[in-house]
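The values are calculated or read from the model by the stated rules, or taken from the named source; none is laboratory data. Values in this document were obtained by computation on a predicted structure and should not be read as measured data. Reconstructed Cβ throughout: ideal geometry from the backbone, glycine too, with neighbour counts over all protein chains shown. Accessible surface is based on the protein model in full, side chains and every heavy atom, while ligands, DNA and RNA are left aside. Shrake-Rupley method; radii C 1.70, N 1.55, O 1.52, S 1.80 Å.
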Amino acid sequence: MEHHRPESTQAGARLTIDLAALEANWRAMARLVAPADCAAAVKADGYGLGLEAVVARLASAGCRTFFVALPTEGLRVKSLAGSATVYVLNGVVPGSADMMARTGLRPVLGSREELEDWAGVCVAAGRRLPAALHVDTGMNRLGFTMEEAADVAGRRDLLDRIDITLVMSHLACADVPDHPLTARQIERFGAVTRLFPGVPASIANSAGCHLGSALHHQMVRPGIALYGGAIFAGRPSPMRPVVRLEAPILRVRPVASGQSVGYGAAEQPDRDSRIAIVSTGYADGYHRLASSRDGHKGGHGAIEGRTVPVMGRISMDLTAFDVTDVPAAARGTMIELIGPSVPLQTAAAFMGTIDYEVLTSLGRRYERHHVS
Ligand SMILES: *Cc1c(COP(=O)(O)O)cnc(C)c1O
C-alpha cells in the first residue's frame, strides 16, 4: 500500500533533514576523537529530527553506541539497530528494570537504589548484565555524588553482580570555553576513573569533544553537533547544517499604515504594507517569543535570501511576515524559516532559546522529508 505523503502545503511546512550532512558531522566528530569511540545522543526523537531515520543513517555510518533518555526510546533504537549498544541516561526508571534486562538495554545507574535494583535483576537472571555508572561531578542532577561513588567502588557485593561497561559524567558548562566549573569537573572525573580502573570512561558531549583529547577518554557522546547545532554558545556552528524549514504563503494581504496585525493589535506598521500569512505557529515550535510588537523587533524568515520580518504576535497555527519589500512574494511562495539565510543559531536567538529547544520543538505536524 502506498503511504500518504502530505504535501508541504497541507502539512503547514516542509522540514527537510539532510542525512548526508548528519553522517558527515558524525564522521568529522569520530575523526576528531579517534581512537576514542564516537557514540551518538539520539534522545527526544533524535533531537526532533526523527529517531528512525537518524539511527538508521548513523548505524550505517558505523556508529555502534546510542544514548537515549528513556527506556521506551531505547526500545525503538533496539528495533532499528538490534546489535547496537543502547544506554538509557535516565537510568532504571521505576518499574523498568525487568523490561530493560529482557531487551538488552543498558541503564545508566546513578543512585544506590538503582544499583540495588539492577543487581537484583542480575541475580534473578543468573548473569551479570551490562550497565553504566554515572557520577555527578558538578551538575547536581542525576548521578552518584563523589562520596557515594567512593563508597560504591568498595561495594564488591553489588558490583560483582553487574557488568559495569562504562563510567561516565556530564559537563554543565562545556559550551562556555574556560568556564571554571569545567576544570573542576575534569579533575573530579579523573578521581572517578581511578576508582574504577579498567572501566571505559566518558565525559564529553559535543562541546567536550572540542576541549582537547584529555576529555575523550574511551568514548564521547555528542548530540547537538551531529544535528548542525552550535558547539560553543554564541559562536557559529562549524558543522554542516542538517535542518531546513520552509513554509508556503497562504495569502498576501495589504495592511494600511496605522492598522494592526494579529492578536493584541501588538504591532501597527507605520507604512502601507503587504503582509504574508504562513501556516506555522507556536504549536509547531515557532516560539511565541519571536513575535514582534511596536518598538520591539521579532524574528524573521527569508525569501530568496531577503529578510522578511515577523509582524505582530505569533498565533498557534499562523504567523505573519512583512513582505512589503519583496514584491514577488505571492500565495505559494516559500518562506525560509530555518536554512542558509536563517541559521539555526539565529532562529534560536530570536526565539529566546537554544538550538536544542528549537530542534526538539520542531512541529510534529510538519512534513518531514529526509534527503541524502
Ligand atoms: C544530551 C546529552 C549528551 C549530548 O549533549 P550535546 O550537548 O547535545 O552534545 C551527552 N551526555 C548526556 C548525559 C546528555 O544528556
Members of segment 25-52 found to be open to solvent by 20 Å² or more (accessible area, probe 1.4 Å), more than 12 Å from TYR227 (Cβ to Cβ) and assigned to a helix (DSSP H, G or I), listed by number: ARG27, ALA28, ALA30, ARG31, LEU32, GLU52
One residue from ALA84, ALA56, ALA61 being touching a residue at least 12 places away in the same chain (Cβ under 8 Å) and touching a strand residue (DSSP E or B) at 6+ places or on another chain (Cβ under 9 Å): ALA84
Which condition from (1) surrounded by 15 or more Cβ atoms within 10 Å (Cβ to Cβ); (2) touching an Asp or Glu at 6+ places or on another chain (Cβ under 8 Å); (3) not hydroxyl-bearing (Ser, Thr, Tyr) is the one that ARG221 breaks? (2)
Go through segment 300-319 and count every residue that is open to solvent by 70 Å² or more (accessible area, probe 1.4 Å) and not in a strand (DSSP E or B). 4
Do the conditions hold for SER206, that is, is it within 13 Å of the ligand (Cβ to nearest atom), at pLDDT 95 or above and farther than 30 Å from ALA276 by Cβ? yes
Per-region count, segment 74-92, residues away from the ligand (no atom under 12 Å from the Cβ) and touching a helix residue (DSSP H, G or I) at 6+ places or on another chain (Cβ under 7 Å): 9
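Yes/no matrix, rows are residues, columns are (1) aromatic (Phe, Trp, Tyr); (2) within 15 Å of the ligand (Cβ to nearest atom); (3) assigned to a loop (DSSP other than H, G, I, E, B):
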{"residue": "ALA149", "(1), (2), (3)": "no, no, no"}
{"residue": "ILE164", "(1), (2), (3)": "no, no, no"}
{"residue": "HIS170", "(1), (2), (3)": "no, yes, yes"}
{"residue": "GLU187", "(1), (2), (3)": "no, no, no"}
{"residue": "ALA191", "(1), (2), (3)": "no, no, no"}
{"residue": "ARG194", "(1), (2), (3)": "no, no, no"}
{"residue": "GLY198", "(1), (2), (3)": "no, no, yes"}
{"residue": "PRO236", "(1), (2), (3)": "no, no, yes"}
{"residue": "PRO241", "(1), (2), (3)": "no, no, yes"}
Answer yes or no as to whether SER213 is more than 29 Å from PRO327 (Cβ to Cβ) and more than 16 Å from the ligand (Cβ to nearest atom). yes
Looking at ALA69, is it surrounded by fewer than 19 Cβ atoms within 10 Å (Cβ to Cβ), at negative phi and among the aliphatic types (A, V, I, L, M)? yes
Counting only residues that are farther than 17 Å from LEU245 by Cα and out of contact with any Asp or Glu (no Cβ under 9 Å at 6 or more places or on another chain), how many does segment 296-315 have? 2
Sort through ARG188, ARG274, ARG253 and tell me the only one that's basic (Lys, Arg), over 25 Å from ASP322 (Cβ atoms) and either open to solvent by 10 Å² or more (accessible area, probe 1.4 Å) or in contact with a Gly (Cβ under 6 Å, 6 or more places away or on another chain) (or both). ARG188
Those residues that are surrounded by fewer than 18 Cβ atoms within 10 Å (Cβ to Cβ) and on the phi > 0 side of the Ramachandran plot, I need them from segment 132-153; list them, please. ASN140
Regarding TYR263, is this residue among the aromatic types (Phe, Trp, Tyr) and surrounded by fewer than 20 Cβ atoms within 10 Å (Cβ to Cβ)? yes
Quickly run through segment 103-136 and pick out the residues that are away from the ligand (no atom under 16 Å from the Cβ) and more than 15 Å from ASP163 (Cα to Cα). THR103, ARG112, GLU113
Do we have any residue at all in segment 114-133 that's in a loop (DSSP other than H, G, I, E, B), of a type in the set (D, E, K, R) and at pLDDT 95 or above? yes
Go through segment 172-185 and give me each residue that's part of a loop (DSSP other than H, G, I, E, B) and either of a type in the set (Gly, Ala, Ser) or open to solvent by 80 Å² or more (accessible area, probe 1.4 Å) (or both). ALA172, ALA174, ASP178
Could you identify the single residue in THR9, THR16 that is β-branched (Val, Ile, Thr), modelled with pLDDT of 95 or more and within 30 Å of LEU318 (Cα to Cα)? THR16
